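A short write-up of the structure that comes next.
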Amino acid sequence: MREIRSMLNAVGQSVPRKDGIGKATGQARYADDLRFPGMLHGRTIRSTIPCGRLAAVRLGFDPAGFTVVDHRDIPGRNVVTLIADDQPCLVEREIRHVAEPVLLLAHENREALLGASVALEEEPAEPVFDPERSPTAFKTILIEKGDLAAGFAEADHVVEGTYCTGHQEHVYIEPQAVIAVPEDGGMTVYGSIQCPFYAHRALAVILGDAVARVRVIQTETGGGFGGKEEYPSGIAAHAALLALKSDRPVKLIYDRVEDMLATTKRHPAIVRHRTGLTRDGRLVAMDIEVILDGGAYQTLSAVVLSRGSIHAAGPYRCDNIRIAARAMFTNTPPNGAFRGFGAPQTQFGVEVHMERIAEALGLDPVRLRERNLLRPGDTTATGQRVGQDCAALEVLRTAVRRSGFRRKRKAYAGTGRGIGLAMYWHGSGFTGSGELKLASRATIELTATGVRVLTSSTELGQGTRTMHAQIVADALGVPYEQVEVAMPDTGLVPDSGPTVASRTCMVVGRILQRAAEEIRAKLGDATPAEYFRRHGPLAVTGQYEQPEWIRWDEIDYRGDAYAAYAWGCDVVEVELDRDTWEVRPVRVTVVNEIGKAIHPALARGQVEGGTVQGLGYALLERVVMRNGAMANAQLTNYIIPTTLDTPKLDVVLLEHPYDGGPFGAKGLGELPIDGPAPAVVNAIRQLGIDVRGIPAVPEAIREAACASP
Amino acid sequence: MRFTLNAREVELNVAPLARLLDVLREDCGLTGTKEGCGEGECGACTVLVDGEAVCACLVPVAQVEGAEVVTIEGLGDDHPLQRAFMDEVGAQCGICTPGMILTAITLGPRPSLAKIRRGLAGNLCRCTGYEAIYRAIHRAS
Amino acid sequence: MRTAVSRLELLQPRSLQHALRMLRDEGPLTPLAGATDLYVAVNFGTLDSTRFLNLWGLEPLRRITLCGDTLRIGALATYTSLIRSRLVRQRLPILARAALEVGGVQIQNRGTLGGNVANASPAGDTLPVLAVAEAVVVLRSVDRERRVPFAEFYTGYRQTVRRPDELIVGLEIPPVEGRQWFRKVGTRAAQAISKVVIAAVRGSSPRIALGSVAPTVIRLSQVEHALGAGAGMDEAVHRLDQDIQPIDDLRSTADYRRDVAGNLLQRFWAETGGLSS
Ligand SMILES: Cc1cc2nc3c(=O)[nH]c(=O)nc-3n(C[C@H](O)[C@H](O)[C@H](O)COP(=O)(O)OP(=O)(O)OC[C@H]3O[C@@H](n4cnc5c(N)ncnc54)[C@H](O)[C@@H]3O)c2cc1C
Ligand code: FES
Ligand code: FES
């Protein structure tokens, strides 16, 4: 028995997705597909000014049949708890941004709900929109390595530049959606929620003692990309407050306009570089300043800044580095988590800067990067020694060869085509000792037919269920089909930490692998089903164990920032229409080193999807902010790539196993979003156009072209 | 009003200007048709009306009087495209998938890549970058 | 969905005559064709009308026929039917081209030519085509049919000469002589609202029309005149600058639109040169 079973191999195979059939038949249940008896619909009334005071709220409707909630109805604390408890669940007096939730309404008839008019009396004050002029920093970080002055003294050349990135909207195709149901003396919240335990904690604080038991259950989720990481906590609280007051289930669904207007976006960034190099192109000093626009509340800005700054020097070795970073307050809706988490912004800066360095020094862009890329044993900006799995050089060489970069670069010179490349890296898991603090847990239990995996890791489309089941199947030596994966329900599953930071495979997958090995030892010769029949239930909960070598100094930002890094190189070919200034990506080669592809088709899907999202970030996606509000909050006016905007994609996955990950796997989900934007802009540079910001929309390219000599 | 829904006659008493999308989801209980924008941009609400793909969020239900409407539920669970979407991981989060599959049905047999790309331009997917969807459609044909 | 649809009223005519009577006797009514413009407004809750007239069932208005030398396109002809129509492809291929670039397939299956014309957006993609084709808008009320030259149909931003008791029943397109040219600029390759859209014909005297650069679609009569008289490109672009009034908006800038309009004019002229009569 055992022999046959251990030969089964799910890892490394593109097994059928656990959720494939439900999604292909329309049977999968997303939040808006659920209905509960007596359910009401909820609506959020929001501020209309970016800064000021709420003087009065006037209801212009007959309240019969309505549930109306304001901050006075909050039994616990009026705060959406996260890193800093600065964001109120509902505005009391101070208004810090447009679309801040002020009042909540519920009614069983959606049309009546919609028809209810509420007048807000708001007293405007002077807003701050420019992060550089903002008096308030949410967080500052300083990373220092070596001696910067000495580095510059050694330099033959100094190159400077400023690079800017705009907001990016997640555009998960399923808008935010939550349903709160008063149940068994407690409150159960169902929703499109990336991190059920974040919502759970926030609800506990807001509901206080009024509710004995809070339970959060993730429903099938139509995309998240970070946008459903922290934001749904507030929506869950809103729905729960309405449900508490009405004692009825309340469904709160945002329409697309509300979703775009009110919810978080990727932080806009300004990145300044001053770089010293020797004549032959060796980096000797990197002085980097990073400014993130945090919006009106902290949300996750501190952590986004942290990842952004750690990645800001790129995957390069340099002995003398200073990275000074700050996340600033502005009177705009708070920016938050978005795939990449600060790294796309800073890596845009460094990779466009590297291209400008190559240009300034008359060096070949590949050669310049080759010379400076991290090799095993080199140290990063935080002083971390990168491991044997460091694949930066191989990734670059593979991409250059595979794409025909050098040949095309020559051939395209002076034509309407350009080719550019970008190197990138992405740390897997929480920064520094973050994982230790999280102390994530994951459970495997026997069932009558196999085993069930219980984690709070959510399926957002990236394949969590499938990939966890594969890891458990192989670690346990049972067929993949016999592994079930439970829906994340805070009432049933342990806290495996949030589904973020490219940690779900590497970190949670590893915990599961160990738990499975423990079970396997207990089973002896029996299959899980046999064991279950003979001995009854058995469950093993594994907990995160930090690799011994990790040392991290949170104050000085020194040490082992991430347990592992994944590596990438993108080569992008573009075509420019000089009459319309439209740039079309025609071909993209992506080489990603990810340790181990547990499920090659899923991995490829992450890379393809992330790359196209990155192309949108580079070329199309522009949030127009007017007076602190997104003025183009519709899919007609905020445009993401369609089938006709996507180029030919050539994806290569390399595997340098990381021995702390399950079967060698590292994090992958975020990596591919880091490369496209700088590679696109570097391709545009080959056309003689000096673009230093994104989105590089035709209007911006035209302006840059007019300004370029 | 009457129309044919997934090969069955239905008779409903609904407001004539209700969106077909809401009638399908709320009055007929068919929640496989999704709403991503309500402005005709995303295609998540795509259904077939008399064999042609339309956005159910932009169709007043009165305009399908007497017509044949097919939703994802009408394909059952063993349509070649459904199988191909599973095999090729054409669905990640899955919210665009019902609409994608229904539009793909109208592409006809053995569509070229160019035809697929043009045909699916009204169906946004934020997860896949579309490549796996092309692979699925090629496999099914 | 931000409109209370159960409070909206829909009148269901049995025939065109019936529809016209309803318009006269029971108005004001908002004609409802493929709903691709109207229902966006219904979804956003920005529509004032509450009473609608359903045109969708009026089959005779879908026809595309040749009448003598004139191409007649019914107001309810969808983009898909324009793309599929051999008559359209032969006689006015740039109309089929424009239709192919509208929205995505779902919009092409529902959006109508009459709706595009009536909606009167300066960004309507078929409008420059109809302008250079010198189409005639056929308007009908219960007791009268009017034929309005396209150049006289629009009177201002989103304003037309159509009276509330009239419907657009179709467009008549005389033979177009010369090489036809069309280009839409929308940044995204599909599902895009035009930042600039141009249609042009290189015949014995050139015809050029632009969308999205003024409150209405415009014919560049000055430019046409100059080019027809043998003026150089510099002169033509200079005149174009005077003819258009682009603005900054959510989607683009006036400078960009001005620049691109000039560039496309030159491209049209270059690409159609040597082949004209
Ligand atoms: C996602 C999306 C993409 C789009 N892309 C494009 C694009 O690329 N290019 C473009 O030009 N447009 C585009 N549109 C707009 C729209 O599709 C077109 O304007 C379409 O032609 C409108 O036709 P309809 O039949 O749907 O009009 P409806 O929405 O039914 O009506 C539009 C207006 O015209 C009036 N009307 C309609 N028919 C008549 C008639 N026969 N007589 C008198 N009045 C009438 C209506 O009362 C209403 O005011 C897009 C729309 C969407 C939702
Ligand atoms: S919901 Fe209909 S197109 Fe997006
Ligand atoms: S699979 Fe998520 S939007 Fe397409």
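Whether any residue in the stretch C:32-52 is within 19 Å of the chain's Cα centre (by Cα), away from ligand 2 (no atom under 16 Å from the Cβ) and closer than 20 Å to C:Leu139 by Cα is what I want to check. Yes, the conditions are met somewhere in the stretch C:32-52.
Among the residues of the stretch A:71-86, those that are touching an Asp or Glu at 6+ places or on another chain (Cβ under 9 Å), surrounded by 17 or more Cβ atoms within 10 Å (Cβ to Cβ) and modelled with pLDDT of 95 or more comprise A:His71, A:Gly76, A:Asn78, A:Val79, A:Val80.
When A:Ile49, A:Ile45 are screened for being part of a strand (DSSP E or B), among the β-branched types (Val, Ile, Thr) and over 24 Å from A:Val211 (Cα atoms), only A:Ile45 passes.
Among residues belonging to the stretch B:6-37 that are assigned to a loop (DSSP other than H, G, I, E, B), more than 16 Å from ligand 3 (Cβ to nearest atom) and within 18 Å of the chain's Cα centre (by Cα), point out the one that is nearest to the other protein chains (Cβ to nearest Cβ). Within the stretch B:6-37, the match that is nearest to the other protein chains (Cβ to nearest Cβ) is B:Thr31.
Just one of the numbered conditions (1) under 19 Å from the mean Cα position of the chain (by Cα); (2) surrounded by 24 or more Cβ atoms within 10 Å (Cβ to Cβ) is not true of A:Val572: (1). Per the listing B:Arg110, B:Arg118, the residue uniquely away from chain C (no Cβ under 12 Å), among the basic types (Lys, Arg) and over 20 Å from A:Arg604 (Cα atoms) is B:Arg110. Of C:Ala189, C:Ala123, all but one fail to be within 15 Å of ligand 1 (Cβ to nearest atom), free of Cβ contacts under 8 Å to residues at least 24 places away in the same chain, among the aliphatic types (A, V, I, L, M) and within 14 Å of another protein chain (Cβ to nearest Cβ); the exception is C:Ala189.
A quick yes/no check of all residues on (1) within 14 Å of chain B (Cβ to nearest Cβ); (2) at pLDDT 95 or above; (3) buried (at least 21 other Cβ atoms within 10 Å of the Cβ):
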residue	(1), (2), (3)
A:Leu8	no, no, no
A:Lys23	yes, yes, yes
A:Arg29	yes, yes, no
A:Leu34	yes, yes, no
A:Pro50	no, yes, yes
A:Arg53	no, yes, no
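Checked against the criterion of being among the hydroxyl-bearing types (Ser, Thr, Tyr), modelled with pLDDT of 95 or more and in the same structural domain as A:Ala633 (by TED's automatic domain parsing), the stretch A:275-295 contains one or more residues that satisfy it. Is there a residue in the stretch B:119-129 that is surrounded by fewer than 21 Cβ atoms within 10 Å (Cβ to Cβ), free of Cβ contacts under 8 Å to residues at least 60 places away in the same chain, more than 16 Å from ligand 2 (Cβ to nearest atom) and not acidic (Asp, Glu)? No, every residue in the stretch B:119-129 fails to be surrounded by fewer than 21 Cβ atoms within 10 Å (Cβ to Cβ), free of Cβ contacts under 8 Å to residues at least 60 places away in the same chain, more than 16 Å from ligand 2 (Cβ to nearest atom) and not acidic (Asp, Glu). The set of residues in the stretch A:588-647 that are more than 20 Å from the chain's Cα centre (by Cα), facing chain B (nearest Cβ under 9 Å), assigned to a loop (DSSP other than H, G, I, E, B) and closer than 27 Å to B:Asp87 by Cα comprises A:His599, A:Thr642, A:Thr646.
Checking B:Gln92 against (1) within 14 Å of ligand 3 (Cβ to nearest atom); (2) polar (S, T, N, Q); (3) under 13 Å from the mean Cα position of the chain (by Cα), which single condition isn't satisfied? So the condition that B:Gln92 fails would be (3).
Considering A:Leu261, A:Leu244, A:Leu292, the condition of being within 14 Å of another protein chain (Cβ to nearest Cβ), in contact with a Pro (Cβ under 8 Å, 6 or more places away or on another chain) and not β-branched (Val, Ile, Thr) is satisfied by A:Leu261 alone. Checking each residue of the stretch A:146-155 against the condition of being under 26 Å from A:Gly497 (Cβ atoms) and in contact with a strand residue (DSSP E or B) (Cβ under 8 Å, 6 or more places away or on another chain) gives no match. Inside the stretch C:48-79, residues that are of a type in the set (S, T, N, Q) and surrounded by fewer than 22 Cβ atoms within 10 Å (Cβ to Cβ) make up a count of 4. In the condition set (1) within 16 Å of ligand 2 (Cβ to nearest atom); (2) in contact with a Ser or Thr (Cβ under 8 Å, 6 or more places away or on another chain), B:Thr31 is compliant with all but (2). Evaluation of B:Ala62 against the conditions (1) touching a strand residue (DSSP E or B) at 6+ places or on another chain (Cβ under 6 Å); (2) without any contact (Cβ under 8 Å) to a residue 60 or more places away in the chain; (3) more than 16 Å from ligand 3 (Cβ to nearest atom) shows that the sole unmet condition is (2). Applying the condition of being β-branched (Val, Ile, Thr) and not in a loop (DSSP other than H, G, I, E, B) to the stretch A:446-469 and asking which residue is surrounded by the most Cβ atoms within 10 Å (Cβ to Cβ) yields A:Val451. Can you spot a residue in the stretch C:26-48 that is more than 13 Å from every other protein chain (Cβ to nearest Cβ) and assigned to a helix (DSSP H, G or I)? Checked against the condition, which is being more than 13 Å from every other protein chain (Cβ to nearest Cβ) and assigned to a helix (DSSP H, G or I), the stretch C:26-48 yields at least one hit.
One line per residue, one yes/no per condition, for (1) small (Gly, Ala, Ser); (2) surrounded by 15 or more Cβ atoms within 10 Å (Cβ to Cβ); (3) at pLDDT below 95; (4) at negative phi:
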site	(1), (2), (3), (4)
A:Pro365	no, yes, no, yes
A:Arg375	no, no, no, yes
A:Cys390	no, yes, no, yes
A:Trp425	no, yes, no, yes
A:Gly432	yes, yes, yes, no
A:Ser440	yes, yes, no, yes
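Among the residues of the stretch A:365-376, the one identified as farther than 19 Å from A:Asp319 by Cβ and in contact with an Asp or Glu (Cβ under 9 Å, 6 or more places away or on another chain) is A:Pro365. Once the stretch B:53-67 is narrowed to residues that are facing chain C (nearest Cβ under 7 Å) and closer than 18 Å to B:Leu124 by Cα, the residue that is surrounded by the most Cβ atoms within 10 Å (Cβ to Cβ) is B:Cys55. When residues in the stretch C:92-144 are screened for being in a helix (DSSP H, G or I), basic (Lys, Arg) and surrounded by fewer than 24 Cβ atoms within 10 Å (Cβ to Cβ), 1 of them pass. For C:Ile208, the conditions (1) buried (at least 20 other Cβ atoms within 10 Å of the Cβ); (2) touching a helix residue (DSSP H, G or I) at 6+ places or on another chain (Cβ under 7 Å); (3) within 14 Å of another protein chain (Cβ to nearest Cβ); (4) not in a helix (DSSP H, G or I) are fulfilled apart from (3).
Here is the figure for the stretch A:661-687: residues that are under 27 Å from A:Gly387 (Cβ atoms) and buried (at least 24 other Cβ atoms within 10 Å of the Cβ) total 16. The residues listed here are B:Thr71, B:Thr97; of these, the one that is within 16 Å of ligand 3 (Cβ to nearest atom), crowded, with 24+ Cβ neighbours inside 10 Å, within 12 Å of chain A (Cβ to nearest Cβ) and at pLDDT 95 or above is B:Thr97. Exactly one residue among A:Phe329, A:Phe348, A:Phe338 is in contact with a Lys or Arg (Cβ under 8 Å, 6 or more places away or on another chain) and aromatic (Phe, Trp, Tyr), and that residue is A:Phe338.
The values are calculated or read from the model by the stated rules, or taken from the named source; none is laboratory data. Every value quoted in this text rests on a predicted model; they were computed, and no experiment measured them. All Cβ positions, glycine included, derive from the backbone under ideal geometry; neighbour counts span all protein chains shown.
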